[in-house]
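Undergrad: One structure follows; several queries about it will come next.
The values are calculated or read from the model by the stated rules, or taken from the named source; none is laboratory data. Since this is a predicted model, take the numbers as computed values, not measurements. Cβ: placed from backbone, ideal geometry, glycine included. Neighbour counts: every protein chain shown. Ligands, DNA and RNA are stripped out before the accessible areas are found, and what is left, the full protein with its side chains, is counted by its heavy atoms. Shrake-Rupley method; radii C 1.70, N 1.55, O 1.52, S 1.80 Å.
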Amino acid sequence: AADSKREQFRRYLEKSGVLDTLTKVLVALYEEPEKPNSALDFLKHHLGASAPENPEIEALRLEVAEMKEKYDAVLEENKKLKSKV
């Protein structure tokens, strides 16, 4: 019964692409010329990079970019006003 559950779980992981993705990330770690200090951080970074992008995250990135532009404009305006004083 336990072997059957393990086999079902293995097939589930295989069908969902988890085994393939894990294998690719582990191979990338193996082929890394300078091994990172934290293998776990390497895995987290590479697994996160392969995940589909969340639309909310993209919206937040756009908002951050807009805020940076506004911030730069305010800094420039501040410089001009200081030079007038």
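Undergrad: Cβ-Cβ distance below 8 Å, separation of 6 or more or different chains: which pairs start in segment 21-39 with a residue that is assigned by the TED database to the domain that holds Arg10 and within 27 Å of Arg10 (Cα to Cα) and end on one that is open to solvent by 80 Å² or more (accessible area, probe 1.4 Å) and not polar (S, T, N, Q)?
TA: Leu29/Lys35
Undergrad: If you don't mind, there's one more thing I want to ask. Which is of a type in the set (Asp, Glu) and either at positive phi or open to solvent by 100 Å² or more (accessible area, probe 1.4 Å) (or both), of Glu14, Glu7, Glu32?
TA: Answer to the selection: Glu14.
Undergrad: Is it true that some residue in segment 57-68 is in the same structural domain as Gly17 (by the TED database), open to solvent by 100 Å² or more (accessible area, probe 1.4 Å), among the charged types (D, E, K, R) and closer than 30 Å to Gly17 by Cβ?
TA: no
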